[in-house]
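The structure appears right after this line, and notes come after that.
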Amino acid sequence: MDNTDTRVHVCFVNVTKGIGGVERVIERHSENLNPSRYRISYAYTPFPNDAAHIARLRAAGVGIVPMDNVLPLWAGDPGRAAGPAKKSITRFWKTLVPVRVDELVYHFRNVRRLTRVFETALAHIDGTPKIFQQFAGDYFWMAAAFHVLRRLYPEAILKLHLGNPPVFLNPTFIERRAFREADSVTFVSRHTKTAWEKALGFTVPHGRLIRTPVTTDVIPFIERAKTPGKEPFILLSVGRLSPIKGIDIALQALRQIRDSGFDAALWIVGTGPEESRLRQLTQELGLTDHVKFHGFVNDPSSLFAEVDFLLQPSTLTEGVPNSMLEAMASGMPVIASRVGGIPEVITDKETGILVDPSDPRQIADAVVTLIRDIELRKRISRTASEYVRKYYSAKAVTASLARLYESLLADNPALATQTC
């Protein structure tokens, strides 16, 4: 164990199977936390198309800890998990136990119960983290593990970070206690905080806003002034192909746009359970020649220079989508549903256009309006880009997170005097 390094050691543990918003948040924080004050490690389950993700973390000086055997355990498949589970836990212990960690940040997407063994087990080892932070996944099991940690390791700082809330919240007693006992609860949007507090029936103690960080310094601004008739307008939808993302609504809107006499095409970036249904709907709507399924794209912003508008047609709920913020930073006008945290970022006709969810007619009308009104398009582009660069830049957001870390450590002098 290295006792000479006095920096705060932050370790992200990420058990997922692909690139998403949380992975990009981890990248942004890793790149922007002051290396003279923070040392960062990343324990993760290798997944397809992760090479660029890992390369960016290495370039930021992050120590990489691959956990090759965790994915079968994460998948929750009893036939596959029984053997690999022992290897998974062994690998986890060998890589993390020898290291003094100040903050351990967990993200389990679609978490299975057994994965929480990691958190409770780590509470018994030497070098236990000062701060446990959990990215929410399965809220009940997150809260249950939280309570176990509180009893086994009462000196630890327990922190919850909450993104997109479920559509229907019905918190259990265990979840309510977790929110009351947490040393810190952070939310990606005011909507998330309000939704949880309404469901809980009380104001969350120590709750604060930590926005989604965006690398605004490397996203160039592009003024989009294409005129109708010369080439098609390209619409873009980015995200997991699941029902709540409303990609089927975007397809129906494209059909109506074309029926109105405007040449437009839709690029769909992402994969997911709805892909086959969406491909079939594309054929049924006669849009095969005007829709391109890009599949997984490691960096969607690489397509921005070719795209005119972003569609965010979420149907039920949404946090603050990373891809939407990146598009706005680039000057791409966004047409988005009036759900979740989106209206906190999109002011109608100022930083984008808001539409009612599940209404392809409103989306089509908004696109046609922007095609016709170049001055409105330019004004939205500039205003949206300035807004995101002011409030969501990775440097500013990470600075606010670092201030939170320091305040948590300062409030517990016994932990603050320990070193890595």
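Computed from the coordinates by the stated procedures, all read-outs in this text should not be read as laboratory data. Worth saying up front: this structure is predicted, and the values here are computed from it rather than measured. In this analysis, Cβ positions are derived from the backbone assuming ideal geometry, glycine residues included, and neighbour counts consider all displayed protein chains.
At q = 0.09, 0.13, 0.19, 0.20 Å⁻¹, what base-10 log of I(q)/I(0) does the Debye formula yield for segment 216-391 when every alpha carbon is treated as an equal point scatterer in vacuo? Computed log10 I(q)/I(0) values: -0.26, -0.56, -1.31, -1.47. Extension gain, Ala52-Thr227: 0.36 nm per intervening residue step, less the Cα-Cα distance, totals 59.4 nm.
Put simply, the amide H of Tyr44, placed in the peptide plane, has neighbours under 5 Å in Asn14, Val65, Met67, leaving out anything fewer than 5 places away on its chain.
Listed peptides 251-259, 330-338 appear in the order 330-338, 251-259 once ranked by packing, highest mean of other Cβ atoms within 10 Å at the front. Descending by average beta-carbon neighbour count within 10 Å, the peptides 22-30, 382-390 line up as 22-30, 382-390, the highest first.
Per-residue Karplus couplings for segment 182-198, computed as 6.51 cos²θ - 1.76 cosθ + 1.60 with θ equal to phi - 60°, are listed in order as 4, 6, 7, 10, 10, 10, 7, 8, 5, 4, 4, 4, 5, 4, 5, 5, 5 Hz, Gly and Pro entered as x.
Working out 0.36 nm times the residue gap between Arg37 and Leu376, then minus their Cα-Cα distance, what length gain in nm do you get to one decimal? Provide the component values of the computation, followed by the final result.
Working: separation 339, 0.36 × 339 = 122.04 nm, distance 4.49 nm.
Between Arg37 and Leu376, full extension yields an extra 117.5 nm.
Given a Förster radius of 22 Å and the C-beta distance between Thr203 and Lys395 as r, what FRET efficiency does 1/(1 + (r/R0)^6) yield to the nearest 0.05?
Numbers: r = 30 Å, r/R0 = 1.37.
So the FRET efficiency works out to roughly 0.15.
List the aspartates and glutamates whose alpha-carbon lies under 12 Å from that of Lys159, not counting same-chain residues fewer than 8 positions away? Hits, sequence-local ones excluded: Glu103, Glu181, Asp183. Put simply, when 153-160, 59-66 are sorted by average Cβ atoms within 10 angstrom per residue, most first, you get 153-160, 59-66.
Gain in length, Val218 to Phe293, computed as 0.36 nm per residue apart minus the alpha-carbon separation, to one decimal in nm? If you can, show how the numbers build up before the last one.
Details: separation 75, 0.36 × 75 = 27.00 nm, distance 2.58 nm.
Result for the pair: 24.4 nm of gain on full extension.
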